[in-house]
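K.L.:
Shown below is the structure under consideration.
We did not get these values from a lab; they are worked out from the coordinates using the rules stated. What you are looking at is a predicted structure, and each value in this text was computed from that prediction instead of being measured. A quick note on method: Cβ atoms are made from the backbone with ideal geometry, for glycine too, and the neighbour counts reach across all protein chains shown.
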Amino acid sequence: MNPSTAPSRISIIVPVGTRQSAAADLYADYKAALLSRGASVEFIFVLDGPQPAFERELERLAAAGEALTVIGLTRSFGEATALMVGFEHASGDVLVTLPAYSQIAPEGINALIDALEQSDLAVSHRHPRRGGWFEALRRRAFHTLLASLARVRFNDLGCSARAMHRKVLEEIPLYGDQQRFLPLLAERQGFRVREIAVPPSSLRAPSDQYRPRAYTRGLLDIFNVFFLVRFTKRPLRFFGMIGVALCSLGVLELLYLVFERLALNRSLADRPALLLGSLFVVLGLQVFALGLLGELIIFAHAGGIKDYQVDRVIHFPAAANEPAPTQASHTARPVAVS
Amino acid sequence: MLSHSTADHEATQRPVLSVIVPFYNEEESIGPLYDAIVAAVAPLQVPFEMVFVDDGSKDGTLARGVQLAQRDSRVRMVKFRRNYGQTPAMAAGIEHARGDILVTMDGDLQNDPADIEQFLAKIAEGYDIVVGWRHRRQDKLITRKIPSKIANWLITRVTGVPITDNGCSLKAFRAAVIKSIPLYSEMHRFIPAMAWIAGPRIAEIRVRHHARQFGRSKYGLSRIYKVLIDLMVIKTIASFTARPLMWFGLLALMPLLLGLCAMGFGLVPAIAFGAHASLPLVGSGMIFVAAALFLLVGGVLGELVYRTGDVQQHRFAQLTMTASRKQLAP
């Protein structure tokens with residue numbers, strides 16, 4: 001890294017969830033990797049819910065003279081919220097989020113921070129990955145699906161080691177579990193996002209199991225992202241599609257029933273199919289109405305919603321002695337005007 | 001960013017006229033367009049500025065714009081972080097413009113800045129919005145003109161705003177009116193229709209239209225679908241925003257009547273003659289009645305949303321009511 005552009009201060013934010021390694025080892029690893037940079041580094045640990053063992057270890061480190069900030073949340077609010085809390089306490093220009101367990105080789109952090117010279121957000125991609133073929137397949141399916149929805153490809157959203165400029169988190173409020181999708185949201189917001197291949201940690205990560213519940217959550221996450229990146233501004237484009245489809249399905253069925261009643265003289269009132277048709281029509285109507293309600297929300301709050309991000313405004317004020325507004329045009333050649 | 005730009009708002013003299021031009025990959029056009037604007041507007045003796053919005057161009061548009069800004073303090077270049085599209089570009093231009101009168105135009109040299117004079121005259125007559133009409137349009141017939149004709153006919157029919165050419169970017173606005181109108185997504189085509197909620201006086205004038213000299217057109221046929229959806233949204237929003245409950249109430253009326261009828265047909269014979277009540281019929285009736293109730297509740301929610309939002313009908317009314325009619329020297 002070019003020393004002349006070295007960031008003045010780096011804030012390391014570590015949200016501590018239930019997956020955690022021994023705090024002392026983790027801290028020592030991260031610190032050793034960052035020591036070579038020479039920049040001033042602050043560590044912020046955010047305990048997402050009570051983690052007595054981890055907290056005790058951090059207290060021991062602090063007692064030994066290590067400068068670190070420990071923030072304890074009273075209950076588990078989710079990793080993204082923990083991240084935002086840490087961000088509020090961070091004073092650095094460069095923020096690095098790191099997992100509370102050994103996910104990447106600590107040297108990789110430097111590669112991430114270096115990548116910030118040409119980008120606003122650097123995300124890590126563990127390479128080569130460990131794990132069985134099934135895990136690899138699952139990951140690939142997840143990321144391909146996301147890429148097709150968000151139109152940007154990332155290969156390892158599960159890895160939470162990321163480095164970013166301060167403005168990224170200032171502009172993108174995260175909540176719940178959204179920290180995984182920060183690269184997608186940042187890309188959408190117009191930030192330059194780079195993916196850096198980073199060697200995975202040689203240590204064994206604690207309990208990395210994907211139970212059915214995790215799969216369901218993953219699917220819901222995808223749905224969430226789909227909304228966030230595609231339809232937040234135009235709810236009716238989405239709701240309307242579903243609503244019109246359901247409603248027309250119902251109307252078609254009802255029309256068919258009426259046709260049968262009139263032309264074939266089949267009784268209408270005793271058929272359960274009537275219930276189904278009505279249900280479809282009503283469901284479609286309701287979904288559509290929800291979409292309209294969404295549009296109303298967008299419209300009523302449009303003043304506060306920015307559709308665009310201005311990078312900068314370039315303007316050179318006129319010199320004081322120059323009569324600015326009536327300045328003669330510099331160029332004598334106007335375009336052909338018929 | 002914003003605070004910075006407002007800071008130098010104070011520094012220079014406030015212009016009366018702002019010419020807003022969004023550019024997306026128009027490196028050949030930006031220079032000639034600048035020349036043409038200066039040549040057309042400078043003789044009018046109106047203090048003016050040019051707000052050029054670079055919508056994330058990949059070519060040299062920004063560099064040339066910055067050169068222009070360096071030479072001429074009347075040029076203000078707004079650079080987007082990435083490509084966002086024409087409506088956001090227009091909205092950003094409107095946000096950063098400081099004049100009392102805003103003129104928007106395309107960055108592809110198809111509009112002629114020489115027409116600006118006519119627009120100013122119309123605004124001086126007391127109109128809030130003046131819309132251009134490309135009456136001898138220089139574009140491809142099948143892919144551009146015919147879809148546009150259909151869209152315009154539809155927009156006029158649905159919104160009731162009698163404008164022949166909604167797609168023409170050359171428009172002039174009284175700044176107070178346009179700055180209060182929410183402009184998002186792909187609404188730039190419907191600015192007059194959206195503006196209708198503020199009750200402005202709209203005029204239409206014929207403008208010159210040139211064939212494209214440089215670059216390629218950024219549109220195709222695919223936008224028709226979006227136009228249709230947007231049209232519906234605008235229609236409902238522009239005509240019913242102030243009364244969501246009423247709107248949803250109207251929507252609820254149909255299912256309510258249908259439901260009551262179905263239940264009546266099912267239940268009346270059962271009660272009157274002790275006949276067997278038909279479950280599907282009564283059930284369907286109940287479903288429809290429930291839907292009507294749901295829609296009414298939605299309407300109440302809509303009232304709540306509208307009440308807490310920042311778009312207020314009375315502010316629009318005040319806006320056009322008290323609009324100052326600044327007379328411009330011709």
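K.L.:
Is the shape of chain A best called rounded, prolate or oblate, per the rule: a/c under 1.5 gives rounded, else a/b larger than b/c gives prolate, else oblate, with a ≥ b ≥ c the square roots of the Cα gyration tensor eigenvalues? Provide the component values of the computation, followed by the final result.
P.N.:
Working: a/c = 2.53, a/b = 1.31, b/c = 1.93.
Oblate, since a/c reaches 1.5 and b/c is not below a/b.
K.L.:
On to the next question. Work out, step by step, the length gained on full extension between A:L228 and A:L249: first 0.36 nm times the residue separation, then minus their alpha carbon distance; give nm to one decimal. Let's see the in-between values first.
P.N.:
Details: separation 21, 0.36 × 21 = 7.56 nm, distance 2.81 nm.
Separation in residues times 0.36 nm, less the Cα-Cα distance, equals 4.8 nm.
K.L.:
How shielded is B:108-120 by partner chains, expressed as the average number of their Cβ atoms within 10 Å of its Cβ atoms? Walk me through the numbers on the way to the answer.
P.N.:
Values: counts 0, 2, 0, 0, 3, 3, 4, 1, 0, 0, 0, 0, 0.
Shielding by partners across B:108-120 averages 1.
K.L.:
I've got another one for you. Regarding region B:55-119, what is the average projected area of its C-alpha convex hull, in nm²? Provide the component values of the computation, followed by the final result.
P.N.:
Values: hull surface 20.5 nm².
Its average projected convex-hull area is 5.1 nm².
K.L.:
Using per-residue counts of other Cβ atoms within 10 Å, averaged over each peptide, order A:248-261, B:288-301 from highest down.
P.N.:
Working: A:248-261: 14.9, B:288-301: 19.6.
Sorting A:248-261, B:288-301 by mean packing, highest first, produces B:288-301, A:248-261.
K.L.:
Calculate the length of the line joining the C-alpha centroid of region A:66-134 to that of region A:262-287, in whole Å.
P.N.:
Here the two parts' Cα centres lie 55 Å apart.
K.L.:
Quick one: pull the percentage of alpha-carbon pairs in region B:244-310 with a separation above 13 Å.
P.N.:
64
K.L.:
Could you order the peptides A:49-56, A:151-158, A:233-240, A:96-103 from most to least packed, using the average number of other C-beta atoms within 10 Å per residue?
P.N.:
Working: A:49-56: 14.4, A:151-158: 16.5, A:233-240: 19.9, A:96-103: 23.5.
Final packing ranking: A:96-103, A:233-240, A:151-158, A:49-56.
K.L.:
Under a crude label model (7 Å from the Cα following the beta-carbon direction), how far is A:L35 from A:A63 in nanometres?
P.N.:
With each label placed 7 Å out from Cα toward Cβ, I get 2.3 nm.
K.L.:
At 0.36 nm per residue, minus the direct Cα-Cα distance, what do B:L228 and B:A290 gain on full extension? Give it in nm, one decimal, please. Don't skip to the answer; put the middle values down first.
P.N.:
Numbers: separation 62, 0.36 × 62 = 22.32 nm, distance 3.00 nm.
This chain segment gains 19.3 nm when fully extended.
K.L.:
Hey, another quick one. Counting Lys +1, Arg +1, Asp -1, Glu -1, what net charge surrounds A:A67 among other residues with beta carbon under 13 Å of its beta carbon? Write down the numbers at each step before the final one.
P.N.:
Values: positive: A:R9, A:K31; negative: A:E42, A:E66.
Summing Lys and Arg as +1 and Asp and Glu as -1 gives 0.
K.L.:
On average, how many beta carbons from a partner chain sit within 10 Å of the beta carbon of a residue in B:82-93? Could the numbers behind the result be given before it?
P.N.:
Working: counts 9, 2, 5, 2, 0, 2, 5, 2, 0, 4, 6, 0.
Across B:82-93, the average partner-chain Cβ count within 10 Å equals 3.
K.L.:
Once you place label points 7 Å from the Cα toward the Cβ at A:S148 and B:R243, how far apart are they in nm?
P.N.:
4.7
K.L.:
Is region A:1-145 best put as rounded, prolate or oblate by its Cα gyration tensor, with a ≥ b ≥ c the root eigenvalues, rounded for a/c under 1.5, and otherwise prolate when a/b is larger than b/c, oblate when not? Spell out each step's value before the answer.
P.N.:
Numbers: a/c = 1.63, a/b = 1.09, b/c = 1.49.
Oblate is the answer for region A:1-145, as a/c is 1.5 or above yet b/c matches or exceeds a/b.
K.L.:
Does region A:235-300 classify as rounded, prolate or oblate by the C-alpha gyration tensor (a ≥ b ≥ c root eigenvalues; a/c under 1.5 gives rounded; else a/b over b/c gives prolate, otherwise oblate)? Provide the component values of the computation, followed by the final result.
P.N.:
Working: a/c = 4.58, a/b = 3.44, b/c = 1.33.
It is prolate, given that a/c is not under 1.5 and a/b is the larger ratio.
K.L.:
So how do A:278-290, B:18-30 stack up, highest first, on mean other-Cβ count within 10 Å?
P.N.:
Details: A:278-290: 21.8, B:18-30: 24.6.
Output ranking for A:278-290, B:18-30: B:18-30, A:278-290.
K.L.:
Mean-square fluctuation check for chain A, GNM, Cα pairs under 10 Å: which of A:I12, A:I297, A:I44 is largest?
P.N.:
Of the options given, A:I297 has the highest mean-square fluctuation.
K.L.:
Shifting gears a bit: B:I271 to B:A121: extension gain in nm, 0.36 nm per residue of separation minus the Cα-Cα distance? Show your work: numbers first, answer last.
P.N.:
Working: separation 150, 0.36 × 150 = 54.00 nm, distance 7.36 nm.
Gain on stretching B:I271 to B:A121: 46.6 nm.
K.L.:
With contacts defined as alpha carbon pairs under 8 Å and 6 or more residues apart, what's the relative contact order of region A:235-300 in percent? Show your work: numbers first, answer last.
P.N.:
Values: 66 pairs, mean separation 37.0, N = 66.
Across region A:235-300, relative contact order equals 56 percent.
K.L.:
What does the average come to when, for each residue of peptide B:295-303, you count the partner chain Cβ atoms lying within 10 Å of its Cβ? Could you put the intermediate results ahead of the total?
P.N.:
Numbers: counts 6, 0, 1, 6, 2, 0, 5, 6, 1.
Mean partner-chain Cβ count within 10 Å for B:295-303: 3.
K.L.:
Something else: What FRET efficiency comes out for the pair A:E171/B:L154, r = Cβ-Cβ distance, R0 = 51 Å, nearest 0.05?
P.N.:
Working: r = 38 Å, r/R0 = 0.74.
The pair A:E171/B:L154 has a calculated efficiency of 0.85.
K.L.:
Can you give the calculated 222 nm mean residue ellipticity of chain A, where each DSSP H run of n ≥ 4 adds -39,500 (n - 2.57) and the sum is split over every residue, rounded to the nearest 500 deg cm²/dmol? Mind showing how you got there, number by number?
P.N.:
Details: 10 runs with 148 residues, N = 338.
That comes out to -14500 deg cm²/dmol.
K.L.:
Sticking with this one: Separation between the A:D270 and A:D25 pseudo-spin-labels, each 7 Å from Cα along Cα→Cβ, expressed in nm?
P.N.:
With each label point 7 Å from Cα toward Cβ, the separation is 7.5 nm.
K.L.:
Set the Förster distance to 35 Å, then compute FRET efficiency between A:I242 and A:L137 from the Cβ-Cβ distance, nearest 0.05. Show your work: numbers first, answer last.
P.N.:
Working: r = 30 Å, r/R0 = 0.87.
With a Förster radius of 35 Å, E is 0.70.
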